[in-house]
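The values are calculated or read from the model by the stated rules, or taken from the named source; none is laboratory data. Predicted model, so just to flag it, every value in this text is computed and none were measured. Cβ sites come from the backbone with ideal geometry, for glycine too, and all protein chains shown count toward neighbours. What goes into the accessible areas is simple: the full protein's heavy atoms, side chains included, and nothing from ligands, DNA or RNA. Shrake-Rupley method; radii C 1.70, N 1.55, O 1.52, S 1.80 Å.
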Amino acid sequence: MTRRERLEDDRARVEVVVRLLIDNGTIEPVADADAQRWMDCDLCSFVENRFHERLDPEALTSEQRTAWSRRALAQDEHLMDPRRSDFAAAFWIMDRGVRAGTLALPMTTMGQRFLQAFSLYVFPARRSGGFAYRTLRAAYQASGTAGFAGIRVGTHWTWQAAVRRYLFRYGMWAWGFKRSIDFVWSSNLPPYTVAVGDRTARFAVDHGAHTIELISASHGGDLLVWNESPALSSRKLGDIVSFHARTTFAVALAVHGWPLLRAGDDLDKIAAYDAGGPDVLAYKIAIFEFLDRQSGFDVRSPRIPGLPYEAIARKLAD
């Protein structure tokens, strides 16, 4: 198959997903006349997660739009304009014919295994109705029909409400943390259970009729004690489960303000990685927060004990 044929096949698979979601009433395409309103929803999402101020996108004034666009977006960020985008399509999330929020899907995944969803937003008045979850589940099911391995959605580490939602309420697996925390549902990843207390924590997965504990952890201060069970390396679970169990458990510990560094961890040796265990995540968290603070955002994420934030910030600033 040529590159052009692969691209056309990929586009066709995305179109299958979109058609299924439109046909079952989950989403509706955004018309050009409504593009600004859709972009206002995207902007309100940035404002809410970076400045903890909830705006009504249906009542946003032009003055507010201009002011918040300057404050809530980093220098290299911009809002996607549905009228001009060549890489993604914008949709309304629908509830029995009424708009409930927004979603964007790529026009092509460029050969990626997962279908990425982004710009997921629910109108404040319609929250607690499960619209975001049902939309993602519908997209996940449609992605499987189209031949994708699953669905991926990313969010920034400092957007703590979203991180907690994907991890604890939706049971999505943490896939990696290159520029954001990416979460997935995949047919190759089983349901998991994560329990984090004050001093002890555990991560387990469902395997048939049984639950298998893969990792346990404890701490008594600034250092993490991390214990992997023999089952983590078992062939019956597969490498994908083993690797992303470490990633997912690390994120779960981080949002609870646990230490992530173990005795002997060397941050200089893991700086280039975008997925892995708690030490990799620790370094990325320091980077994420440094960049957000540089942009003037109101960072309210948990402080990770023992993480040398200031030393990493100086290194990044040099």
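One way to sum up the overall shape of region 173-291 is the equivalent ellipsoid from its Cα gyration tensor, whose semi-axes run 23, 17, 13 Å, largest first.
Relative to the longest principal axis of the Cα atoms of the chain, the long axis of helix 239-255 lies at roughly 90 degrees. Protection proxy ranking, highest mean first, for peptides 89-101, 53-65: 89-101, 53-65, where packing is the per-residue count of other beta-carbon atoms within 10 Å, averaged. Rounded to whole numbers, the Karplus 3J(HN,Hα) couplings from phi for region 73-82 are 10, 6, 4, 9, 9, 8, 7, 6, 9, x Hz, using 6.51 cos²θ - 1.76 cosθ + 1.60 with θ = phi - 60°, and x at Gly and Pro.
With contacts taken as Cα pairs under 8 Å at a separation of at least 6 residues, region 218-297 carries a relative contact order of 28 percent. Would you work out if region 119-190 is rounded, prolate or oblate? Take a ≥ b ≥ c from the square roots of the eigenvalues of the alpha-carbon gyration tensor; rounded if a/c is under 1.5, else prolate when a/b is larger than b/c, oblate otherwise. Note, shape of region 119-190 comes out oblate.
Using a 1.4 Å probe over the heavy atoms of the protein chains, calculate the carbon and sulfur portion of the accessible area of region 162-248 as a whole percent. Ligands and nucleic acids excluded, carbon and sulfur give 47 percent.
For R54 and R84, what does the FRET efficiency come to when R0 = 41 Å and r is the distance between their Cβ atoms, rounded to the nearest 0.05? So the FRET efficiency works out to roughly 0.90. Straight-line reach from K315: taking Cα to Cα under 16 Å and skipping same-chain neighbours fewer than 8 places apart, the lysines in range are K269, K284.
Taking all protein chains as present, what is the carbon and sulfur share of the accessible area of region 10-101, in % to the nearest whole number, probe 1.4 Å? Whole-percent figure for carbon plus sulfur exposure: 45. Accessible surface for the chain, divided over its residues, is 49 Å² per residue with a 1.4 Å probe.
Converting phi to 3J(HN,Hα) with the Karplus coefficients 6.51, -1.76 and 1.60 and the offset θ = phi - 60°, region 182-198 yields 9, 10, 9, 10, 9, 5, 8, 10, x, x, 10, 10, 10, 10, 10, x, 5 Hz in sequence order, with x at every glycine or proline.
Under a model in which nothing but the beta-carbon of Lys, Arg (+1) and Asp, Glu (-1) is charged, region 154-225 shows a dipole of about 260 debye around its Cα centre.
A simple count of charges around G264, restricted to other residues whose Cβ falls under 15 Å of its Cβ and scoring Lys, Arg +1 and Asp, Glu -1, yields -3.
With a ≥ b ≥ c taken as the square roots of the eigenvalues of the C-alpha gyration tensor of region 33-96, please select rounded if a/c is under 1.5 and otherwise prolate if a/b is larger than b/c or oblate if it is not? In terms of gyration-tensor shape, oblate. In the chain, the longest principal axis of the Cα atoms and the axis of helix 35-51 are about 30 degrees apart.
Between 0 and 90 degrees, the angle of helix 131-145 with respect to the longest Cα principal axis of the chain falls at about 90 degrees.
The amide H of G176, built 1.01 Å from its N in the peptide plane, has D182 as neighbours under 5 Å, considering only residues 5 or more places off or on other chains. To the nearest 0.05, what FRET efficiency results for R70 and S234 with a Förster distance of 51 Å applied to their C-beta separation? Efficiency, rounded to the nearest 0.05: 0.45. Computed over the chain, the per-residue total of -39500 (n - 2.57) for DSSP H runs of n ≥ 4 gives a 222 nm mean residue ellipticity of -11500 deg cm²/dmol, rounded to 500.
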